[in-house]
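> I am attaching a structure below and will ask some questions about it afterwards.
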Amino acid sequence: MATPVLDHPDLPRLKAAFPDVKFLASEYRGQTTVVVPADALHRVMRLLHDDPACNYDFLSDVTAADYLGYPSRTPGRFAVVYLLLSTNHGRRLTIKTYLDPSVDTLGNELDPALIVPSVTDIWPGAEWREREVFDMYGIQFRDHPDHRRILTWETYPAFPLRKDYPLRGRGERERYRVMPRDAR
Amino acid sequence: MPYTLQPDQGYDVDIESTEYLKTHVDAPERWVLNFGPQHPATHTTLRIVLELDGERVARVTPHIGYLHSGFEKLAEHHDYNQYVCTVSRMDYVSPIVNDIAWHHAVERLFDVDLTPRCKVVRTILAELGRIQNHLLCVGAAALDLGAFTGFLYGFNEREHLYDIMDYVSGQRFHPDYTRVGGTMRDLPDDETFRQMVRNFIDDRLPSAIDDIETLLNRNRIFIDRVHEVGVVSKEDAIAWSLTGPVARASGVRRDLRKDEPYLCYQDNWDGQGAKPVEFSVAFATDGDCLSRYLVRLEEMKQSARIIDQLIDRIPGGPMNAEPEGKMVLPPKGDVYGSIEATIQHFEIVMTNRGWDAPIGESYGAIEGPNGELGYYIVADGTKNPWRAATRPPSFMHFAVLPKLLEGHMLADLVAVLGSLNIIAAELDR
C-alpha cells in the first residue's frame, strides 16, 4: 500500500492553532482525513470555518460509520465523518471523530459516551444530516436545535445502521398490530 | 387523532407526538393543515404539517421517512456491482445518473481508469439523465400551478429518453447500466444509438423546450406565481449545503463538472490530449422559483450542447477497462472462449469470492441533476462495502423548505416544492 502523502495545506495550520490537541491524519486516493478528538471538535470546526486561509464554508455531508469487527484497527468503534469543502479555495477535507459506546448497543438506549457537539451553529445545513446520524447510529449531538429521529419513528427500538443490528430487523413489522377496517 | 396508531403490544408508534404538535395543535388562533403524505403536489410520499394564520403559512414542519427502506443497510450486504440496482431506485426520475455516480465513487476507491469509449458513453447518458430530470421538474412546476399542458410537453419527450435507455441497457425505467470499470454491456449498435440520440437532441428536445418556453416564460399567471417566491440568498445557499440548480439559481457558481472534473468534463480524458467538453454553467442571482425554473431550462440546452460534441465521435475500442486483478469483469465473449477469462469472471461473480477491494475509505461525487450526488464508501477488503453513505442532494434541499415557506401564502407551497424538485425516494432511501 502506498504511503500517505500528507501535503494538505491546512494540516500545518491546524497543528499551529491547536498545539494541545492530538490530531491523526491520513491520506487515501488524494483525500486527506484528520481525526479530531471529540472534545476539541467544535473549536477545530470553528477555526476551519472562520479562518480565511482555511475557509471551509460548505459542509458537504455529515455521516457516520460503525467499525465493529472492521479488519483494520480504528481508534474507536463509531466514527462521525464530516466532509468539508471550501468553495473559495476549491479544497476538500474530511474530519473524523471516533467514539466508543459505554452501554449496550443493541437497544435504543441513549449513550452518554456517544455525544459530539453539534456543528449546526457553524453550518446550519448540518441540522438534518445530524438527525439522520442520530437516527441510524444513536450518536447524539449536543446543542442541536431539533434533536429528533428523522427517518424512523421516535420509539423505534434500535439504531438500525449499527453493525450488531441484523439486516432483517428484529421483527418490528411482524409485531405491529393490524388495525381492522372498522376500528376507531 | 386519526393518524395515530397505538398498538396494544409491541411498540408505541405515535408519529404525531412531536413536541411541535403537542404545543401547537390546540392553539386557538391558528389552525393546522396536514399536507400529504399522499397528495398530488408532493409527487411522492412526504408530509408537511403547516400551521396557518388565515391563508398565510406561519410554521412548517416537514416529516419524512415514509419511503425509508434501509438502502444503506442493504448496501453493506450487496457487492459493488449488485448495489447499482438499488441506487438506481433513489432518484428514479433520472436513474442512470445514480448508476454513474455510484460507480464513479467505487472506481475512485478502487483506482480504476475507464476507457475513452466508456467515458463518452457515460457522459452522454449522464447528460440525457439530466435532461430527463429537468424535463419532469420544469413540466411539473407548471402542472402544480395549473398548467397541465406544460407538463405533457415535458413528459412526452421523456418517453423518447426511456426508449434510448431501453435500447442501451434493455430496461426502460431502471437501466442499472454501469459496472465497476465499465458498463453492463457494449452499445448494441453505435449507429442506431447515434441516430436515436441525434433525433432527440436535434428535433425532439428543441421543439419541446420551445413549446414550454412559449407557454410559460412570458405567461403572466405563471410569472406572478413564481417570481420572488421562495427566495434563497447566496450566503444561505452555501451555509445550508445547497447544490445544483437550486444553489446556482441563487448565484453560487459551483458545478462539479467544472470544479472537480470527471469523465469527459476532464482535460485529456482520452489520454491523447482531448479537450474537455465545452459548456457554460447556467446560473441566476435572484434565488426565487422563477430563477430555478430558468436555470433548469438553460441547463437542458447546455446538456444538449455537450451531447452534440460527443455523439458523433464515440471512440472505438473496448468498453470495459482492462481486467487487471479482480476488479473488472472480462468481456463476455472471452468468458466463453478462454480459461483465464472464465476464472476471472467467476472470481468476481461467485458469492464466496469477489473483489480485492482495498481497506480504506473515500468520497466520490458527481454533479447530478439535483446537485452534488456523492457516496462515501468505507471498504474492508471484501466484496461488499463496509459502509456506503449517500449524499442525497434532495435531503439538503428539503431541509430548507421551512425557511423558504414561512410568511408565504398557502398556494405558494406547491410552487416552492416543485422548484426544489424533491424526490422522496432519494430523501428517505
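> Working carefully through the options B:Glu324, B:Glu372, B:Glu367, find the one that is without any contact (Cβ under 8 Å) to a residue 12 or more places away in the chain and out of contact with any His (no Cβ under 6 Å at 6 or more places or on another chain).
Criteria check complete, one pass: B:Glu324.
> For the structure I just gave you, tell me whether B:Cys264 is buried (at least 19 other Cβ atoms within 10 Å of the Cβ), closer than 18 Å to B:Arg108 by Cβ and either of a type in the set (A, V, I, L, M, F, W, C) or modelled with pLDDT of 90 or more (or both). Explain how you work it out, then say what you get.
Values: buried (at least 19 other Cβ atoms within 10 Å of the Cβ): yes; closer than 18 Å to B:Arg108 by Cβ: yes; either of a type in the set (A, V, I, L, M, F, W, C) or modelled with pLDDT of 90 or more (or both): yes.
Yes; evaluated as a whole, the condition is true for this residue.
> Being of a type in the set (A, V, I, L, M, F, W, C) and within 13 Å of chain A (Cβ to nearest Cβ) is the filter here, so list the residues in region B:44-93 that pass it.
Of everything in region B:44-93, those that are of a type in the set (A, V, I, L, M, F, W, C) and within 13 Å of chain A (Cβ to nearest Cβ) turn out to be B:Leu46, B:Val60, B:Ile64, B:Leu67, B:Phe71, B:Leu74, B:Ala75.
> Now, a different point. Taking B:Gly407, is it touching an Asp or Glu at 6+ places or on another chain (Cβ under 7 Å) and either closer than 22 Å to A:Asp66 by Cα or in the same structural domain as B:Ala75 (by TED's automatic domain parsing) (or both)?
The answer is no for B:Gly407.
> Another one. Please find, within region A:78-94, the residue that is nearest to A:Pro160 (Cα to Cα) out of those that are out of contact with any helix residue (DSSP H, G or I) (no Cβ under 7 Å at 6 or more places or on another chain), buried (at least 21 other Cβ atoms within 10 Å of the Cβ) and more than 8 Å from chain B (Cβ to nearest Cβ).
A:Ala79
> Going through A:Ile115, A:Ile122 one at a time, which residue ends up being touching a helix residue (DSSP H, G or I) at 6+ places or on another chain (Cβ under 7 Å) and closer than 18 Å to A:Lys96 by Cα?
A:Ile122
> Here's something else I'd like to know. Filter region A:10-45 down to residues that are within 14 Å of another protein chain (Cβ to nearest Cβ) and not hydrophobic (A, V, I, L, M, F, W, C) and give me whichever is nearest to A:Arg129 (Cα to Cα).
Among those residues, the one meeting the criterion is A:Thr33.
> To continue, here is another question. Working only within region A:134-160, note down all residues that are facing another protein chain (nearest Cβ under 9 Å), of a type in the set (A, V, I, L, M) and within 17 Å of A:Ile115 (Cα to Cα).
Result: A:Met136, single match.
> Can you tell which of B:Ser303, B:Ser280, B:Ser291 is buried (at least 22 other Cβ atoms within 10 Å of the Cβ), closer than 20 Å to B:Pro261 by Cα and not acidic (Asp, Glu)? Lay out the reasoning, then the answer.
Working: B:Ser280 fails: buried (at least 22 other Cβ atoms within 10 Å of the Cβ); B:Ser291 fails: closer than 20 Å to B:Pro261 by Cα.
When all the criteria are applied, what remains is B:Ser303.
> Step by step: first the residues of region B:368-386, then only those that are assigned to a loop (DSSP other than H, G, I, E, B) and touching a Pro at 6+ places or on another chain (Cβ under 9 Å), then the one that is nearest to A:Leu83 (Cα to Cα). Which residue is that?
Within region B:368-386, the match that is nearest to A:Leu83 (Cα to Cα) is B:Asn370.
> List pairs: first in region B:298-310 and outside the structural domain of B:Asn217 (by TED's automatic domain parsing), second buried (at least 19 other Cβ atoms within 10 Å of the Cβ), Cβ under 8 Å, 6+ apart or cross-chain?
Pairs that qualify, where the first residue is outside the structural domain of B:Asn217 (by TED's automatic domain parsing) and the partner is buried (at least 19 other Cβ atoms within 10 Å of the Cβ): there are none.
> Within region B:230-251, take every residue that is part of a loop (DSSP other than H, G, I, E, B) and surrounded by fewer than 23 Cβ atoms within 10 Å (Cβ to Cβ) and give me the one that is nearest to the chain's Cα centre (by Cα).
Per the stated criteria, the residue is B:Gly251.
> Here's another thing I want to ask about it. With the requirement that a residue be more than 10 Å from chain A (Cβ to nearest Cβ) and polar (S, T, N, Q), what does region B:357-390 give you?
B:Asn370, B:Asn384
> Which members of region A:102-131 meet the condition of being within 14 Å of chain B (Cβ to nearest Cβ) and either within 16 Å of A:Lys163 (Cβ to Cβ) or touching a residue at least 60 places away in the same chain (Cβ under 8 Å) (or both)?
Scanning region A:102-131 gives A:Gly107, A:Asn108, A:Val119, A:Ile122, A:Trp123, A:Gly125, A:Ala126, A:Arg129, A:Glu130.
> Next up: Those residues that are crowded, with 16+ Cβ neighbours inside 10 Å and touching a residue at least 40 places away in the same chain (Cβ under 8 Å), I need them from region B:156-168; list them, please.
B:Glu157, B:His160, B:Met165, B:Val168
> Moving on. Given B:Asp203, B:Asp210, B:Asp224, B:Asp186, which one is acidic (Asp, Glu), surrounded by 14 or more Cβ atoms within 10 Å (Cβ to Cβ) and either assigned to a helix (DSSP H, G or I) or at pLDDT below 90 (or both)?
Working: B:Asp203 fails: surrounded by 14 or more Cβ atoms within 10 Å (Cβ to Cβ); B:Asp210 fails: surrounded by 14 or more Cβ atoms within 10 Å (Cβ to Cβ); B:Asp224 fails: surrounded by 14 or more Cβ atoms within 10 Å (Cβ to Cβ).
None of the others qualify; the one that does is B:Asp186.
> Residues of region B:391-429 being within 14 Å of another protein chain (Cβ to nearest Cβ), surrounded by fewer than 23 Cβ atoms within 10 Å (Cβ to Cβ) and not hydrophobic (A, V, I, L, M, F, W, C), which ones?
B:Pro402, B:Lys403
> Then there's this: Give the number of residues within region B:128-175 that are under 17 Å from the mean Cα position of the chain (by Cα), part of a loop (DSSP other than H, G, I, E, B) and among the aliphatic types (A, V, I, L, M).
Qualifying residue count for the region: 0.
> Among the residues of region B:334-359, what is the count of those that are modelled with pLDDT under 80 and not small (Gly, Ala, Ser)?
5
> Filter region B:268-292 down to the residues that are at pLDDT below 85 and touching a Lys or Arg at 6+ places or on another chain (Cβ under 6 Å) and list them by number.
Matches in region B:268-292: B:Trp269 only.
The values are calculated or read from the model by the stated rules, or taken from the named source; none is laboratory data. These numbers come from a predicted model, not from an experiment. Heads up, the Cβs are rebuilt from the backbone with ideal geometry, glycines too, and the neighbour counts pull from every protein chain shown.
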